[in-house]
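**Q** Sending over a structure as structure tokens; questions will come in a sec.
The values are calculated or read from the model by the stated rules, or taken from the named source; none is laboratory data. Model, not experiment: these values are computed from the prediction. Cβ atoms come from the backbone with ideal geometry, glycine included; neighbour counts cover every protein chain shown. Heads up: the accessible areas ignore ligands, DNA and RNA and are worked out on the full protein's heavy atoms, side chains in. Shrake-Rupley method; radii C 1.70, N 1.55, O 1.52, S 1.80 Å.
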Amino acid sequence: MPHALNDPVIAWYADHARDLPWRTPDASAWAVMVSEFMLQQTPVSRVLPMYEAWLTRWPTPTALADDEPGEAVRAWGRLGYPRRALRLHGAATAIRDRHKGEVPDDHEKLLALPGVGEYTAAAVASFAFRQRHAVLDTNVRRVLARTVDGTEYPPQSTTAAERRTATDAMPLADETAATWAVAVMELGALVCTARTPRCADCPVAAMCAWRLAGKPAYAGPPRRGQTYAGTDRQVRGKLLAVLREAHGPVPQARLDAVWDEPVQRARALDGLVADGLVEPVADGVYRLPTGAPVSS
């Protein structure tokens, strides 16, 4: 039996879906995978130009896998969370080596790729291969928390109860479930937003448990805010920017020039090296990763 939310949300999506390149009928599974890596914690407006440039340069997993991982980091630019670039390169390499260069259409095989977690595997299986999977990103979790559970926000980490709710809400047919997955995500992105939900424009406002309860304020633990200025993340970004713009190894002095505080700068650089985003070439000389052994 279809869930009461399905038909109105899918009908709303048919009229209001954004025209995004990874949603077109001719978008490859690789294009969908690239978009999913890029869209994690990054808004669509920032992803669009990078997505187009990325697929122009690396239209297939093999094309990316055959290039150096440092080039993936360089091309990632200022999208943020650059470890995603290395993870995407690692996934592309596994696709080339294990799957003859084709993104696998099996959920378990997707989940076995390096850098691919439960969300990304479900998203690619659903959006690229039109399969029935619970695709639980922040937007979907928020819509279901409000409409089904009657709470303003979902828990900070995905719970088993949320997965059951999401599975129960999915249509049974694969094709319809795949459309539902993207439709409810779009509803969360455009209407049921975190700070200023537009309930008057919501196709399921009449059945939303949170709205019907009078929109009770969130009573859970304090929600984590994201800060940037003065953090190690900012320092890492400045150090990586120097390395991305260089055409060869970079001496320590050039890195020292971008952040005055030496302890924090050293900690950030050590973290980049530990994460595989930067390679020491020699004492006090660094480069983006090449995938080749560093000579001693």
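**Q** Using the heavy atoms of the protein chains and a 1.4 angstrom probe, tell me the accessible area per residue for region 28-127 in square angstrom. Could you put the intermediate results ahead of the total?
**A** Numbers: 4100 Å² over 100 residues.
Per residue, region 28-127 has an accessible area of 41 Å².
**Q** Still on this structure: Å³ per residue of the Cα convex hull, for the chain? Mind showing how you got there, number by number?
**A** Working: hull volume 43.5 nm³, N = 296.
It is 147 Å³ per residue.
**Q** Taking Cα atoms, how many degrees apart are the long axis of helix 44-57 and the longest axis of the chain, rounded to 10 and kept between 0 and 90?
**A** 60
**Q** If packing is taken as the average number of other Cβ atoms within 10 Å across a peptide's residues, how do 184-197, 41-54 rank, most packed first?
**A** Working: 184-197: 18.6, 41-54: 14.4.
Final packing ranking: 184-197, 41-54.
**Q** Provide Rg over Rh for region 64-213; use the alpha carbon set for both Rg and the Kirkwood Rh (inverse mean inverse pair distance).
**A** Result: Rg/Rh = 1.04.
**Q** Follow-up. Any chance you could give the angle, 0 to 90 degrees and rounded to 10, that helix 160-169 forms with the longest Cα principal axis of the chain?
**A** It works out to around 50 degrees.
**Q** Taking the chain as a Gaussian network, where each spring joins two C-alpha atoms under 10 Å apart, which residue of Thr120, Thr165, Thr56 fluctuates the most?
**A** Thr56
**Q** In a Gaussian network model over the chain where Cα atoms closer than 10 Å are linked, find which of Trp259, Trp180, Trp22 has the largest mean-square fluctuation.
**A** Looking only at Trp259, Trp180, Trp22, the largest GNM fluctuation is found for Trp259.
**Q** Ignoring ligands, DNA and RNA, please state the percent of accessible area on the chain from carbon and sulfur, probe 1.4 Å. Provide the component values of the computation, followed by the final result.
**A** Numbers: 7890 of 14660 Å².
Ligands and nucleic acids excluded, carbon and sulfur reach 54 percent.
**Q** Also, quick follow-up: Classify region 232-287 as rounded, prolate or oblate, taking a ≥ b ≥ c as the square roots of the eigenvalues of its Cα gyration tensor: rounded when a/c is under 1.5, otherwise prolate if a/b is larger than b/c and oblate if not. Mind showing how you got there, number by number?
**A** On the way: a/c = 1.39, a/b = 1.27, b/c = 1.10.
Note, shape of region 232-287 comes out rounded.
**Q** Extension gain Met207-Ser157, at 0.36 nm per residue separation less the Cα-Cα distance, in nm?
**A** On the way: separation 50, 0.36 × 50 = 18.00 nm, distance 2.53 nm.
Roughly 15.5 nm would be gained on extension.
**Q** If you don't mind, another one. If one computes the Cα centroid of region 142-213 and of region 68-135, what distance in Å separates the two points?
**A** Taking the Cα centre of region 68-135 as reference, the centre of region 142-213 is 25 Å away.
**Q** Considering only protein heavy atoms, with the full assembly of protein chains and a 1.4 angstrom probe, order Asp105, Asp67 by accessible area, largest first. Mind dumping the intermediate values first?
**A** On the way: Asp105 90, Asp67 45 Å².
In descending accessible area the options line up as Asp105, Asp67.
**Q** For a quick check of understanding: with a 1.4 angstrom probe and all protein chains in place, what accessible area in square angstrom does Arg83 have, to the nearest ten?
**A** 100
**Q** Taking only Cα atoms and a 10 Å spring cutoff, compute GNM fluctuations for the chain and point out the largest among Val281, Val116, Val34.
**A** Judging by the Gaussian network model, the answer is Val281.
**Q** So for region 138-212, what are the equivalent ellipsoid semi-axes in whole Å, largest first, each being the square root of 5 times an eigenvalue of the Cα gyration tensor? Display every interim value, and only then the final one.
**A** Details: eigenvalues 67, 46, 25 Å².
Each semi-axis is √(5λ); the values are 18, 15, 11 Å.
**Q** Give me the angle, in degrees from 0 to 90, between the Cα long axis of helix 232-245 and the longest principal axis of the Cα atoms of the chain, rounded to the nearest 10.
**A** Result, in degrees: 60.
**Q** Same structure again: Return the inverse of the average 1/r over all pairs of distinct C-alpha atoms in region 29-111, which is the Kirkwood hydrodynamic radius, in Å to one decimal.
**A** Roughly 12.7 Å, rounded to one decimal.
**Q** Provide Glu118, Glu102, Glu152 ordered by accessible surface of protein heavy atoms (probe 1.4 Å), highest first. Provide the component values of the computation, followed by the final result.
**A** Working: Glu118 70, Glu102 125, Glu152 35 Å².
From most accessible down to least: Glu102, Glu118, Glu152.
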